[in-house]
Amino acid sequence: MEPGFPASPAAGGGGEQTEGQAGPPEPAMPLRPVASQSRFQVDLVSEGAGGGDGQKGQSPSSAQEKGDGGGGAAPAPASPPAAAAAAAAEEAKGRFRVNFVDPASDEPPGCSPSAAAAAAPEQQQAASESMNGYPQNGDTMLSEGSLHSAGTTTHHYYDTHSNTYYLRTFGHNTIDAVPRIDHYRNTVAQLGEKLIRPSLAELHDELDKEPFEDGYVNGEETCPAEEAVSKHVADNKGVVKFGWVKGVLVRCMLNIWGVMLFIRLTWIVGHAGIGLCLVVIGIATVVTTITGLSTSAITTNGFVRGGGAYYLISRSLGPEFGGAIGLIFAFANAVAVAMYVVGFAETVRDLLVEHNALMIDEMSDIRIVGTITIVALFGISVAGMEWEAKAQIVLLGILLISIVNFTVGTFIPANDKRAKGFFNYQSEIFYENFGPDFREGESFFSVFAIFFPAATGILAGANISGDLADPQLAIPKGTLLAILITTIVYAGAAVSTGSCIVRDATGNLTDAILPGTVVNCTNAACKLGFNFSSCATNICSYGLINNFQVMSLVSGFAPLVTAGIFSATLSSALASLVSAPKIFQALCKDNIYPGLHVFSVGYGKNNEPLRGYVLTFFIGLGFILIAELNVIAPIISNFFLASYALINFSVFHASLAKSPGWRPAFRYYNMWISLIGAILCCGVMFVINWWAALLTNVIVLALYIYVTYKKPDVNWGSSTQALTYLNALQHAIRLTGVEDHVKNFRPQCLLMTGAPTSRPALLHLVHAFTKNVGLVVCGHVHTGPRRQALKEISTDQAKYQRWLIKNKMKAFYVPVYAEDLREGTQFLLQAVGLGRMRPNTLVFGFKKDWHQALMKDVENYINTIHDAFDYQYGVVVIRLKEGFNISHLQAQEELCTSQEKSAHPKDIVVNLEHSDADSSKPSSKSVSETNSPAVSQDQKDEEDDGKASTQPLLKKEAKGPSVPMNMTDQKLLQASSRFQKKQGKGTIDVWWLFDDGGLTLLIPYLLTTKKKWKDCKIRVFIGGKINRIDHDRRTMATLLSKFRIDYSDITVLGDMNTKPSKENIAAFEEMIEPFRLHEDDKEQEASEKMKEEEPWRITDNELEIYRMKTYRQIRLNELLRENSGTANLIVMSLPVARKGAVSSALYMAWIETLSKDLPPILLVRGNHQSVLTFYS
């Protein structure tokens, strides 16, 4: 039998048919469970029901409900023999029916069974069919509609032996689920339906006790009925999704070829020669290929959503890098629209000039043509992705025809084109043009900088990743194939033009000569019958270097090359106009920059970012009207390169982090090659334009700092997070192998705060001397009913750790469950920490109400101190006369808030009884160590968790009526923020009476190094003899100077052992009177029995033995009030009581007497191992 199936029927199952019933049962009206109930109930199947389930003339619905009877095969015939019935009854033993419970209360909208039935009417028919034809071996799951197809009924019944939602797993009756992809989905979007596997509590907990209040696992808010129909609610009709050819390959080729192929490539060949031009193309290809491999690795490491480069980088390196690069990458694409449109407009202007058809002037014509063009492109993009894709296909066709036209033209006999430098393929021209001939200050790096922007289109397909049918397949395949094809075309065009066209030509037919007739003319043109030597002194208009339109000259039909230029510019502009809004929308959806969230809204079936289109349109239009892009162009190229560098670095970083989640399906990558690719991208940035590269880095750094400062509340499982963990683990292990040294000692505190929000003053004071110095662990002991306490721990863990982080508290929160305070503290003392990162000092507040508390709790409190000493911990007891615990004030505030929000008094009761999951219920006490056991209150709403540490924990202003505070609570509230303020010029008085290793002196020194305490001076008080005061002062001064600790004064207390005043002695005796045993007034047997039952009582003998020590505590309090009554803080040696000799009540009375009516005081006792040294 599997877990979760004890042999007892679950309450509320209802509706079973016994052997004696003649027909189907009357439909029971089961009680609708509250939201705290589990999703499953289990009913015992009667022994006779298995045979009768298909036999007794049941209605179809009943038959469907019961499945295939007892046997797990086909439905039983109407009148089976008695033997078959007996066999079925035997087989039914030990079987249970799983009832899916549809919670009735606290449902999200649309979660009612009727809503589920209305949302998925077709599923009911499929459910009915699947129930009757269920396979036997557990290899096929029922349709999702079958689980939630009961229409308006509340319970859904399934026999686990035959028809179970979670399969007949391994032949057992169980609700345990087999592995299925739907359990691992994050959403119920286009990926498919998300299902929730049974939680561990549903499998493990007792059935009569509900494991989780909300009934769902992993904090899910949606109900099962909603989950079952969610994928059918979304209407996918009309959504355009592209394959790898139309979505990636076409876009990448159009962007990579661009204008560079037709206008600038021949110029590069003329300067660099065929050899170096191929090197230029090769370097660019290496950079883009490495980036393509890295992109392929990232895209195949999980499902890719919309956002292109931003999505890839942000999910790999985190929101800091992703947010920075996403913004500039979207901006670069928006400005790139203007660049390509201006390139198109300039070509049109040149045609107008050639035909004397200028409209106004050259600059104005560029603006006019550019504006008309971007409006047309904007219309195409807004019409939808389908129209945009069709336009891209048409433009690619024109571009391919232009390339073919050029290729054919190289084979057509030159004839009259020879005077312009075109001679068809000639070996002489190839050899002459193979080497470089840099002119006019050009160099290899300058021509490389001009060519490389042509290679920045490799992410054109990835940028619309949200519109791809299968991004994991399309992006690697389309991107890498596009790089291969375009590289071959670029290299082929470079070799072709370099083999056909000379560098310089006059265009004059009169320069024709007979080969070999001109002296001193040995270049290729002379050998082919033309003398262009005049170009050495005069400016020529033709040739590779002089004419940008050489490819038009070579082509078979020149207007097709012009059409190719138009196609290249317009396709690139259109791709950028689509890419920029898509990237920007993904960035805004993640709310990295809260002010931009308005642009995250999508419209239509394709979730088109229309607002992003409008913004991109106006950005592009603005730069088109400027019409001067020579300055902004290199910045845009650097923006693209910065994105490529981070994509490469993402792969390296993810591989370095060794996260188990880094499992790309694309295997052809290498972390070190990706690192080289990132370095190459950075190098190319500076080669293209050094000042633009610096500006790009500054912008990325500024945005990175901004996002880091804002700390967006996202967790994408980035490689940065993985590497941080790996580094922490490695350093922790390395630190474990190093022995502790006194010079490196730092107080690492186990701070018993309970809920950190309930004792802010205690936390702030300890944080003041441990911040950036030592470890702080906030311990919280939960007691009470185990089930409720464990649930509180699971919710408190994340809640309070988040509160600590948001309030800039460098501390850890560790809750434990225990029977009482002492046991919980023992757990923490022994188990908290990792390697050398373990607490060495126990810190807690003074138990102010110990007079009224149960003495069992006082006994536990004192024994906690003894336990700490046993475990070689130092101990710090902190007392604030107003107290620390403000949880009751927070509870009042929450009650007042709920009254303001409530429209009816009954709602208040509901809010209190069914409060947020972060609340601690009265059924489970959360014990804090500074006070008697108290019910832990819900400290604040999650919105209040984000308040800055300098803000009060309670709202000072209430819009409605609030509960008035008494004077004590007002003082307590003021004291709770006492240590958040700057302390000013005051004193920290150190009463170093006993040598505990130096902890009593180290803590005040650490305080004075902090900003809020730096103006306070340390005054040291020590005990001494009346006749050796000067000697003792000089000795202490020497010691402090050797410790290099500054102090303002040293006071030697020569009268410390003087008998205290009678009034104070009488007050002490009156305080301890209720706790005395008075054994002299009782019979010996009675007194011994009483002492055994109440070991905390103070005996007369004990009081007499420690009378002098008692007087010392009373006298020290007199001296403290006399000398340190105005100090900002007192740090004093904690008296030590011998375990087993001093009763808990007497020890508590000593601490009470010593610390009462004083400024904030720390009673400190180290573990008597040196924490200070004067050796270097």
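The values are calculated or read from the model by the stated rules, or taken from the named source; none is laboratory data. This is a predicted model, so every value here is computed, not measured. In this analysis, Cβ positions are derived from the backbone assuming ideal geometry, glycine residues included, and neighbour counts consider all displayed protein chains. Heavy atoms of the whole protein, side chains included, go into the accessibility calculation; ligands, DNA and RNA do not. Shrake-Rupley method; radii C 1.70, N 1.55, O 1.52, S 1.80 Å.
For the set 822, 746, 879, the ranking by accessible area, highest first and with no ligand, DNA or RNA atoms included, is 746, 822, 879 under a 1.4 Å probe.
The slack between residue 1066 and residue 443, meaning 0.36 nm per residue of separation minus the straight C-alpha distance, is 214.4 nm.
May I ask you to list the residues of the stretch 711-737 whose amide nitrogen lies under 20 Å from a point 7 Å from Cα along the Cα→beta-carbon direction of residue 772? Residues passing the 20 Å test: 711.
Rounded if a/c is under 1.5, else prolate if a/b is larger than b/c, else oblate: which is the stretch 999-1098, with a ≥ b ≥ c the root eigenvalues of its Cα gyration tensor? Prolate is the answer for the stretch 999-1098, as a/c is 1.5 or above and a/b outweighs b/c. With a threshold of 24 Å on the Cα-Cα distance, the over-threshold entries among 799/1156; 985/1011; 808/1011; 981/1017 are 799/1156.
A Förster radius of 22 Å, combined with the Cβ-Cβ distance separating residue 658 from residue 715, puts the computed FRET efficiency at roughly 0.70. Annotation: per residue accessible area for the stretch 1077-1176 equals 46 Å², rounded to a whole number [probe 1.4 Å, protein chains only].
Each peptide in 281-289, 1086-1094, 317-325 was scored by the mean count of other Cβ atoms within 10 Å over its residues; highest first, the order is 317-325, 281-289, 1086-1094. Once the 1.4 Å probe is applied to the protein heavy atoms, the stretch 254-382 comes out at 29 Å² accessible per residue. Using a simple spin-label model with pseudo-atoms 7 Å out from Cα toward Cβ, residue 966 and residue 625 lie 7.1 nm apart. A straight chain from residue 350 to residue 834 at 0.36 nm per residue would run longer than the Cα-Cα distance by 166.9 nm. As a rough guide to protection, the peptides 653-661, 557-565 ranked by mean Cβ packing within 10 Å, highest first, stand as 557-565, 653-661.
Across all directions, the shadow cast by the convex hull of the stretch 1058-1176 built on its C-alpha atoms averages 9.9 square nanometres. Farthest towards the positive end of the charge dipole of the stretch 707-859, among the residues 801, 782, 825, is the Cα of 801, using unit charges on the Cβ of Lys, Arg, Asp and Glu. Just to verify a number: FRET efficiency for residue 727 and residue 805, C-beta to C-beta distance, R0 = 22 Å, to 0.05? My answer for the efficiency is 0.70.
Annotation for residue 383 and residue 856: the two label points, set 7 Å from Cα along the Cα-Cβ direction, are 8.2 nm apart.
In terms of the Cα gyration tensor, with a ≥ b ≥ c the square roots of its eigenvalues, is the stretch 310-395 rounded because a/c is under 1.5, prolate because a/b exceeds b/c, or oblate? The shape class here is prolate. If R0 is 35 Å, the Cβ-Cβ spacing of residue 484 and residue 241 corresponds to a FRET efficiency of close to 0.90.
Residue order by solvent-accessible surface for 295, 968 is 968, 295, largest first, with ligands and nucleic acids left out and a 1.4 Å probe. Looking at the stretch 655-746, the accessible area is 69 square angstrom per residue; that uses a 1.4 Å probe and ignores ligands, DNA and RNA. Structural size metrics of the stretch 802-897, computed from C-alpha coordinates, are Rg and Dmax of 15.6, 46 Å.
The slack between residue 888 and residue 870, meaning 0.36 nm per residue of separation minus the straight C-alpha distance, is 3.1 nm. Model label sites at residue 743 and residue 1105, defined 7 Å from Cα along the beta-carbon direction, differ in position by 4.5 nm. Of 1124, 1170, the residue with the largest accessible area leads and the full order is 1170, 1124 (1.4 Å probe). For the peptides 1069-1082, 716-729, the ranking by mean Cβ contacts within 10 Å, running from highest to lowest, is 716-729, 1069-1082.
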